[in-house]
Each structure stands twice: as C-alpha cells, then as structure tokens.
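Novice: Let me give you the structure first, and then I'll get to my questions.
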Amino acid sequence: MNAAVRAVVRTAIHRGAEVFAIFEGYQGMIDGGNGIRPFGWDDVGSILARGGTVIGTFRSTEFRTREGRLKATRNLIERGIDRLVVIGGDGSLTGLDTLRQEWPGLLDELVANGDITAELAAQHANLIIAGLVGSIDNDLVGVDSTIGSDTALHRIMDAIDALSSTAASHQRSFVLEVMGRHCGYLALAAAIAGGCDYVLIPENPPAEGWEDDMCQILRTARARGRRDSIVVVAEGATDRAGNPIRSEYVRQVIEDHLHEATRTTILGHVQRGGTPSAYDRWASTWLGYEAVKELLNPSVPGEAKVIGMLGNDVVRLPLAGAVQATQRVPDLIASGDYIGAMDARGPSFNE
Ligand code: F6P
C-alpha cells in the first residue's frame, strides 16, 4: 500500500493539488485533528520498500453509521477536501461510495446545523472518489490482482520451499493453511507455483469421499519416489454442504490413512507483512498515479470508479458493480454454480 500512497501524494503534488493524508482509515476522518495531516513530497520518502501502510489502517464501526459519516464530512469540508483516494477491501470501498452518495445531504445537514457556511458547501458540492483495492486475498471480481496479493504469494512460496526441504528429508506430509477469507486465489496459485500435491479452495468444494482421493494421490506419489508431500488448504475451504474443512482435520486424515507423521503449518499474519514484491510496488505506483488522474479528471463524471490491474493494464470499473459482484461470490459458491455464474458474468461485466 505504501507504493500507492507515495504515488498518490507525489502525482497530486506534481499536478498542483494540495494533499492530506488521513491516518487510521475512516476513524482518522471521523476524529479529525491529527488524524488528517497535510502531506508533502518528503513525507512519502523511503516508504517503497516498507510493508503495510505508514498512514495506518483501521476497521471503523463508527463510519458505518450516518452520524460517523457526518462527522467525517465536517472534518473533510473544513479542510477543503472534496476528492478522496481510498485503498481498502470491499467494506472500505462500499463505505466510500455511500459517503459519495450521501455527500450533498450531509452538506445540507451541516449547513442547517450551522457547522459550515452555505458558501463552503457550494464550493465542494460533490465528492469525487477513486477506489484502489488493498487486499492480500485478491478477491475483487473484475481485476487480476489486488494490492498486496503478489507479496503475500511470495511469503507463501518461501514457506512452501522451506517446508519442502524438511518434508523431503523426513519423507513427511505437510498441511499448509493460507489466508484468503472467501477467496482461494492464494492457495491455488501457491499450490501450482510450489508444485504441491493437493489443494482445497472455497470456489471448488470437493465431492464426498475427497479424503480417499487425496490420500490415494499422496500414496501414489510416495510409491513413485516423491519424498515430500504438501497439501494446501485455504482458510475458507468448505465441503459441498458448506462445512469448513480445517487444516487439522486434513492432517488427521492423512496420518490415519497413510500412517506417517504429518505436520500442520498455519501461516497466519506472516502473509500480510514484510517487504513488498517488485510487482506490487510497480503496479501500486501505477494505480496511485491513475487514481489521481481519475480524481482530477473523472472518466465518467458522477460515477465512482475502482481502479485495478487487468491484462497487464490499468482498468477503471464501476465501483458499485465490482463490489456487488464480489459480494455475490460466496452465495454463488453455496448455490453450487460458481463456475457457470463466473462464465456468464465475465463478458457482461466487462461490457
Ligand atoms: O482480508 C485480508 C485478511 O488477511 C484475510 O485473508 C483474513 O481472513 C483476514 O484478513 C484476517 O483478519 P484479521 O487480521 O482481522 O484477523
């Protein structure tokens, strides 16, 4: 995210805008004060190689209320802020679109309360926004990658390589659980890139009897001389009835069927930190640059955009449509028609 923050700040300054950074996400917007600070060129120096975000992040429940958004609007308008880039997941982006839609009404309320002048409200009548998707899960429908997902994949690959060597030495099986909430991207990409033996992801719940199938695959590979076996489990993996498939359960199944020592590694938040990959820094810089262009010259005036990478290029998608399509995915998976629905969704969504 830091590469995106840096690109937003420097592109905006280069194009003559005054820039503020909002600390601790929407909570900083609501709290005002030191939560919203003028940001200069040097404030974003030396942050490209740092993981996380130097301006902090926060899951604000207050911003979900209209009262919270009214406070946020007052703090923004008092500083003359009427253009926002938000980097976040689908919750943050939905909140951003809500703020944009409510903005004229919120301004009216502030004027009626005597908090701001009608003149100030008139000068900032519309909120112009651009969303960037910051999520290691790579879970936004309509884009190829989200900010941080490539770095998380590198963290997982390091873990797989490390596990492979110890697994091979002992001829052991390992079960690796990776993050991704409802999305199996990290698990699937890591399993393929790491040459793993079996993968369980939410998008493709296995049929009944999958335990036997998995163990047969591991057994056959061992009989052919493979010394290390790795099964990757996405944290959101379920069976067809929607019951979670936990890594500990998978470990027990392997141990019971194959009668060999099996270990579990739950990677956890290691995946969310550390030095960002070159791809993430490069793509996020491009995305931050495009986000500022969108704010200064909206591609479709009055329409909120989320900006992402698709086919090695930058695309601007309708924010509400992209978020809604993403939020429908768990239901589509539960309905058993995820693949069919995605095929049908692709062309019409891109149109
Ligand atoms: O959405 C990003 C993510 O890292 C998911 O992969 C994971 O399920 C979740 O956040 C963990 O959230 P928390 O840090 O609140 O435990």
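Novice: Could you please find all residues in the range 117-136 being away from the ligand (no atom under 16 Å from the Cβ) and either among the basic types (Lys, Arg) or closer than 21 Å to GLN27 by Cα (or both)?
Specialist: Looking only at the range 117-136, we keep the residues that are away from the ligand (no atom under 16 Å from the Cβ), and these are 117-130.
Across the range 117-136, the qualifying residues are LEU127, ILE128, ILE129, ALA130.
Novice: Show me the strands (runs of 3 or more DSSP E) entirely contained within the range 255-322 in which 3 or more residues are under 22 Å from the mean Cα position of the chain (by Cα) and surrounded by 15 or more Cβ atoms within 10 Å (Cβ to Cβ). Steps first, answer last, please.
Specialist: Details: elements: 262-266, 305-310, 313-318.
Qualifying strands (runs of 3 or more DSSP E): 305-310, 313-318.
Novice: Considering only helices (runs of 4 or more DSSP H) fully contained in the range 149-245, which possess at least 1 residues that are at pLDDT below 95? Full working, then the answer.
Specialist: On the way: elements: 149-170, 185-193, 210-223.
Helices (runs of 4 or more DSSP H) meeting the threshold: 149-170, 210-223.
Novice: Test THR326 against the criterion of being open to solvent by less than 40 Å² (accessible area, probe 1.4 Å) and among the polar types (S, T, N, Q), and give yes or no. If you could, list the steps in order and put the result at the bottom.
Specialist: Details: open to solvent by less than 40 Å² (accessible area, probe 1.4 Å): yes; among the polar types (S, T, N, Q): yes.
Considered against the rule, which asks whether it is open to solvent by less than 40 Å² (accessible area, probe 1.4 Å) and among the polar types (S, T, N, Q), THR326 comes out as yes.
Novice: Keeping to the range 30-40, report how many residues are in a helix (DSSP H, G or I) and over 18 Å from VAL86 (Cβ atoms).
Specialist: Of the residues in the range 30-40, the ones in a helix (DSSP H, G or I) are 30-31, 33-35.
Those still in the list that are over 18 Å from VAL86 (Cβ atoms) too: 33-34.
Count: 2.
Novice: Could you list, in sequence order, the residues of the range 175-190 that are farther than 11 Å from ASN138 by Cβ and near the ligand (Cβ under 9 Å from one of its atoms)?
Specialist: VAL178, HIS182
Novice: Of the residues ARG100, ARG74, only one is among the charged types (D, E, K, R), more than 23 Å from VAL329 (Cβ to Cβ) and touching a strand residue (DSSP E or B) at 6+ places or on another chain (Cβ under 6 Å); which?
Specialist: On the way: ARG74 fails: touching a strand residue (DSSP E or B) at 6+ places or on another chain (Cβ under 6 Å).
Sole residue among the options that is among the charged types (D, E, K, R), more than 23 Å from VAL329 (Cβ to Cβ) and touching a strand residue (DSSP E or B) at 6+ places or on another chain (Cβ under 6 Å): ARG100.
Residue-wise test of (1) part of a helix (DSSP H, G or I); (2) on the phi > 0 side of the Ramachandran plot; (3) open to solvent by 30 Å² or more (accessible area, probe 1.4 Å).
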| site | (1), (2), (3) |
| --- | --- |
| ALA21 | no, no, no |
| GLY28 | yes, no, no |
| ASP42 | yes, no, yes |
| ALA49 | no, no, yes |
| GLY52 | no, yes, yes |
| PHE58 | no, no, yes |
| PHE63 | yes, no, no |
| GLY68 | yes, no, no |
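Novice: While we're looking at this one, here's another question. Can you name every residue in the range 200-218 that is within 16 Å of the ligand (Cβ to nearest atom) and free of Cβ contacts under 8 Å to residues at least 60 places away in the same chain? Talk me through it step by step, then tell me what you get.
Specialist: Of all residues in the range 200-218, those within 16 Å of the ligand (Cβ to nearest atom) come to 200-203.
Listed by number, the residues that qualify are LEU200, ILE201.
Novice: Here's another thing I want to ask about it. Looking at the range 46-64 only, could you name the residues that are touching a residue at least 12 places away in the same chain (Cβ under 8 Å) and farther than 25 Å from ALA152 by Cβ?
Specialist: So in the range 46-64, the residues touching a residue at least 12 places away in the same chain (Cβ under 8 Å) come out as 47-60, 62-64.
Scanning the range 46-64 gives GLU62, PHE63, ARG64.
Novice: For the range 116-125, check the following and say yes or no: at least one residue is of a type in the set (Ser, Thr, Tyr), at negative phi and not in a loop (DSSP other than H, G, I, E, B).
Specialist: Of all residues in the range 116-125, those of a type in the set (Ser, Thr, Tyr) come to 117.
Among the residues that remain, those that are also at negative phi are: 117.
Checking the rest, the ones that are also not in a loop (DSSP other than H, G, I, E, B) come to none.
No: zero hits.
Novice: Give me the residue from the range 125-172 that is β-branched (Val, Ile, Thr) and over 26 Å from ASP228 (Cβ atoms) and, out of that set, most open to solvent (accessible area, probe 1.4 Å).
Specialist: Just the residues of the range 125-172 that are β-branched (Val, Ile, Thr), to begin with: 128-129, 133, 136, 141, 143, 146-147, 151, 156, 160, 166.
Next cut, over 26 Å from ASP228 (Cβ atoms) only: 128-129, 133, 141, 143, 146-147.
On the way: ILE128: 43, ILE129: 6, VAL133: 11, VAL141: 15, VAL143: 20, THR146: 4, ILE147: 11 Å².
Out of the qualifying residues, it is ILE128.
Novice: Here's another thing I want to ask about it. Return the residue satisfying two criteria in turn: it lies in the range 232-257 and is away from the ligand (no atom under 16 Å from the Cβ) and touching a Ser or Thr at 6+ places or on another chain (Cβ under 7 Å), and of such residues it is nearest to ASN138 (Cα to Cα).
Specialist: Taking the range 232-257 first, the residues away from the ligand (no atom under 16 Å from the Cβ) are 239-243, 248-257.
Now drop any that are not touching a Ser or Thr at 6+ places or on another chain (Cβ under 7 Å), which leaves 248, 251, 254-255.
Values: GLU248: 25, ARG251: 26, ILE254: 29, GLU255: 32 Å.
Among those that are away from the ligand (no atom under 16 Å from the Cβ) and touching a Ser or Thr at 6+ places or on another chain (Cβ under 7 Å), it is GLU248.
Novice: If only one of GLY56, GLY16, GLY40 is under 24 Å from the mean Cα position of the chain (by Cα) and within 27 Å of TRP286 (Cβ to Cβ), which one is it? Walk me through it before giving the result.
Specialist: Numbers: GLY16 fails: under 24 Å from the mean Cα position of the chain (by Cα); GLY40 fails: under 24 Å from the mean Cα position of the chain (by Cα).
Exactly one residue qualifies, and that residue is GLY56.
Novice: Kindly provide the set of residues from the range 173-192 that are open to solvent by less than 10 Å² (accessible area, probe 1.4 Å) and among the hydroxyl-bearing types (Ser, Thr, Tyr), ordered by number.
Specialist: If the condition is that a residue be open to solvent by less than 10 Å² (accessible area, probe 1.4 Å) and among the hydroxyl-bearing types (Ser, Thr, Tyr), then SER173 is the only one that fits.
Novice: What's the number of the condition ALA261 fails, among (1) hydrophobic (A, V, I, L, M, F, W, C); (2) more than 16 Å from the ligand (Cβ to nearest atom); (3) without any contact (Cβ under 8 Å) to a residue 40 or more places away in the chain?
Specialist: It fails just one condition, (3).
Novice: Further question: Could you tell me how many of the residues in the range 80-113 are open to solvent by less than 60 Å² (accessible area, probe 1.4 Å) and in a loop (DSSP other than H, G, I, E, B)?
Specialist: Matching residues across the range 80-113 total 4.
Novice: Using beta carbons and a limit of 6 Å, which pairs, at least six apart or on different chains, have the first residue in the range 224-253 and touching a residue at least 12 places away in the same chain (Cβ under 8 Å) and the second one outside any helix (DSSP H, G or I) and open to solvent by 70 Å² or more (accessible area, probe 1.4 Å)?
Specialist: Pairs that qualify, where the first residue is touching a residue at least 12 places away in the same chain (Cβ under 8 Å) and the partner is outside any helix (DSSP H, G or I) and open to solvent by 70 Å² or more (accessible area, probe 1.4 Å), are ARG227/GLN171; GLY236/ARG181; GLY236/HIS182; THR238/PRO244.
The values are calculated or read from the model by the stated rules, or taken from the named source; none is laboratory data. None of these values were measured; they are calculated from a predicted model. Don't worry about glycine lacking a Cβ; one is built from the backbone with ideal geometry, like all the others, and counts go over all protein chains shown. For accessibility, only protein heavy atoms count, side chains too; no ligands or nucleic acids. Shrake-Rupley method; radii C 1.70, N 1.55, O 1.52, S 1.80 Å.
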